[in-house]
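The values are calculated or read from the model by the stated rules, or taken from the named source; none is laboratory data. Worth saying up front: this structure is predicted, and the values here are computed from it rather than measured. As a convention, Cβ positions derive from the backbone with ideal geometry for all residues, glycine included, and neighbour counts pool all protein chains shown. Surface accessibility is based on the protein's heavy atoms, side chains included, excluding ligands, DNA and RNA. Shrake-Rupley method; radii C 1.70, N 1.55, O 1.52, S 1.80 Å.
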Amino acid sequence: MLNIILMGPPGAGKGTQATRIIDEFNLPHISTGDIFRENISKGTELGLKAKAIIERGDLVPDELTIDLVRSRLSQDDCAKGYLLDGFPRTIAQAEALKTMGPEIGRAVNLVVDITVPDEVLMERIAGRRVCPKCGASYNVNTMKPAKEGICDRCGAELIQRKDDNPESFKIRLDNYYAQTAPLVDFYKAEGLYHHFDGMIGLEKVSAEISELLKANQ
Ligand code: AP5
Ligand code: MG
C-alpha cells in the first residue's frame with residue numbers, strides 16, 4: 001500500500017513529481033494547495049476564508065485544513081493508497097494525521113521529502129506557470145510546455161499563481177522553516193522519512209522516488 005506524504009519547501013518540485021507519481025502508480029493526488037485554489041476560484045465559503053491568507057503566503061489555520069483532509073482521505077478512492085502533497089505542514093497537522101490515519105484505515109507509510117537551496121527555489125517560483133485545471137507545473141525558463149501558455153496534459157491556459165511574487169514567497173519560505181521543517185525529525189522518529197535531493201534533475205528525482213515506491217508497493 002502506498003499512503004504517501006510528499007513534502008518540501010515552496011518550489012521544490014512537489015507538484016511536478018506528484019503528477020508523475022500519480023500517473024505511474026495510479027493514486028489520487030491530494031494537494032491541499034490545489035484544493036484551496038479551486039475553492040477560491042469557485043468562491044466557496046472555504047475559498048473566501050482562505051483567499052487573503054494564501055495570497056500573502058501564510059498558512060491556512062490548522063483546524064480548517066485538518067477537517068478538509070479528513071473528509072478527502074475518507075473518500076473511497078483513497079482506500080487503495082493516496083499521495084498527499086503539501087499536507088501536513090505543521091506539527092499539529094502531523095499529529096492529527098497520525099491519529100486520523102489509523103482511525104479511517106489510511107495510516108501513512110512513506111514520507112518523501114524533496115529539498116532545494118533557497119536561491120534556486122526563488123528562481124523556480126519566479127518562472128513558474130501552472131495549469132489551473134489539472135495542477136501541472138511548468139517553467140518559462142526551464143520547463144516550457146510544447147505550445148506556449150497551454151497545458152500539455154489537459155489543454156487549459158496556463159496562469160501565474162497570485163502567491164508567486166517575491167513578497168509572498170519570502171513569507172512562504174519563512175513559514176516553511178518555522179512550521180514545516182520540524183516535520184523532518186517528526187517523521188524520522190516515526191521511521192517513515194526518505195530524503196531526495198531536488199537538484200539532481202527532474203528525471204533522476206522521479207526515478208529515485210519511483211524506485212522507493214516500487215519497493216514499498
Ligand atoms: P502549495 O500549493 O502546497 O504551495 P507550496 O508548498 O508553496 O509549494 P509550490 O506548489 O509552490 O511548489 P512545488 O513544490 O509544488 O513546486 P512545483 O512542482 O510547482 O500551497 C499554497 C498555499 O496554500 C500555502 O502557502 C498555504 O497558504 C496554503 N496551504 C496549502 N497546504 C496547507 C496546509 N497543509 N496547511 C496550511 N496551509 C496550506 O515546481 C516549482 C517550479 O520549479 C516549476 O516551475 C517547475 O517547473 C520547476 N521544477 C520542478 N522540479 C524541477 C527540477 N527538478 N528541476 C528544475 N526545475 C524544476
Ligand atoms: Mg505545488
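Some notes on this structure:
- Single residue of the stretch 145-168 satisfying the filter (basic (K, R) and exposed (fewer than 15 other Cβ atoms within 10 Å of the Cβ)) that is farthest from ligand 1 (Cβ to nearest atom): K147
- Filter pass, A12 being among the hydrophobic types (A, V, I, L, M, F, W, C), within 12 Å of ligand 1 (Cβ to nearest atom) and free of Cβ contacts under 8 Å to residues at least 12 places away in the same chain: no
- When the stretch 108-119 is filtered for residues that are under 18 Å from the mean Cα position of the chain (by Cα) and either open to solvent by 50 Å² or more (accessible area, probe 1.4 Å) or not acidic (D, E) (or both), the ones remaining, listed by number, are V108, N109, L110, V111, V112, I114, T115, V116, P117, D118.
- One residue alone among V60, V69 is farther than 21 Å from L202 by Cβ, within 13 Å of ligand 1 (Cβ to nearest atom), assigned to a helix (DSSP H, G or I) and aliphatic (A, V, I, L, M), and that residue is V69.
- Unique residue being more than 15 Å from ligand 2 (Cβ to nearest atom) and surrounded by fewer than 14 Cβ atoms within 10 Å (Cβ to Cβ) when the list is Q75, Q93: Q75
- Pairs are defined by a Cβ separation below 6 Å, a sequence spacing of at least 6 or placement on different chains, a first member in the stretch 134-149 that is assigned to a strand (DSSP E or B), and a second member that is away from ligand 2 (no atom under 16 Å from the Cβ); the pairs so defined are Y138/P145.
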